[in-house]
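J.: This structure is in structure tokens; I'll ask about it shortly.
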Amino acid sequence: MENTEGTRKFLIATHGRLAGGVKSSLDIITGAMDSIFLIEAYVDENRSIEDDIKAVVDQVGDNDELIVFSDIMGGSVTNQILQYARQSNVHVVSGFNLPLVIEIVLADTDTPAQEVIAEAIENAKQQMVYVNQLLAAQTQEEDND
């Protein structure tokens with residue numbers, strides 16, 4: 001779906017305060033953006049995650065796209081969001097990391113969301129590195145030279 005008339009919006013939905021931490025990092029790296037919503041589930045007993053999700057989805061017009069980042073596949077937050085995933089303008093990405101969120105948030109909105117998400121997931125996988133193993137390999141290489 002090419003997004004030429006609507007807005008691409010984003011929801012970061014997590015258990016606890018992870019969403020706020022991710023948003024804080026995003027603000028530092030990309031600058032503050034109005035199109036990012038947060039749900040920090042289960043930190044306030046008086047708030048319903050279902051109501052919070054509905055409040056965000058209600059702000060997404062028919063011509064808008066919503067890309068949702070949730071923390072755990074199969075977790076209660078993701079499961080609650082899945083009821084909206086059948087809508088053609090809602091995309092759910094579970095198990096995100098910060099590089100993935102940055103790439104998707106900064107992507108050209110003329111590129112279809114499905115394409116942006118697929119490429120960002122592949123790139124984000126490359127960001128997960130056991131650095132000690134890299135250092136050990138580098139040290140071994142230097143020792144062999």
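The values are calculated or read from the model by the stated rules, or taken from the named source; none is laboratory data. Just so it is clear, the structure is predicted and the values come from calculations on it, not from any experiment. Here the Cβ is made from the backbone with ideal geometry for all residues, glycine too, and neighbour counts use every protein chain on show. When the accessible area is computed, the model is the full protein with side chains, heavy atoms only, and any ligands, DNA or RNA have been set aside. Shrake-Rupley method; radii C 1.70, N 1.55, O 1.52, S 1.80 Å.
J.: For Asp143 and Asn123 in one chain, what is 0.36 nm times their gap in residues minus the Cα-Cα distance, to one decimal in nm?
T.: My answer for the length gained is 4.1 nm.
J.: Taking the alpha-carbon set of the chain, what are its Rg and Dmax in Å?
T.: Considering the chain through its Cα atoms, Rg and Dmax are 17.6, 63 Å.
J.: Order 11-19, 94-102 from most to least packed using the mean count of other Cβ atoms within 10 Å.
T.: 11-19, 94-102
J.: Let me ask something additional. Quick check for you: with a 1.4 Å probe and neighbouring chains kept, what is the accessible area per residue of the range 1-96, in Å²?
T.: Per-residue accessible area for the range 1-96 comes out at 53 Å².
J.: At a 10 angstrom cut-off on C-beta neighbours, averaged per residue, how do the peptides 65-74, 112-121 rank from highest to lowest?
T.: Per-residue Cβ counts within 10 Å, averaged per peptide and sorted highest first, yield 65-74, 112-121.
J.: Also: List the residues whose amide H sits under 5 Å from the amide H of Ile39, counting only those 5 or more places along or on another chain, with H placed 1.01 Å from N in the peptide plane.
T.: Under 5 Å from the amide H of Ile39: Ile12, Ala13, Thr14.
J.: If the reach is capped at under 26 angstrom between alpha carbons, list the lysines near Lys125, excluding any in the same chain fewer than eight residues apart.
T.: In chain and number order, the partners are Lys9, Lys23.
J.: In the range 1-82, if every C-alpha pair distance is counted and binned at 10 Å from zero, what percent goes to each bin?
T.: 17, 48, 31, 3
J.: If you don't mind, another one. Out of the total accessible area of the chain (probe 1.4 Å, heavy atoms of protein only), what percent is carbon and sulfur?
T.: The nonpolar share, carbon plus sulfur, comes to 47 percent.
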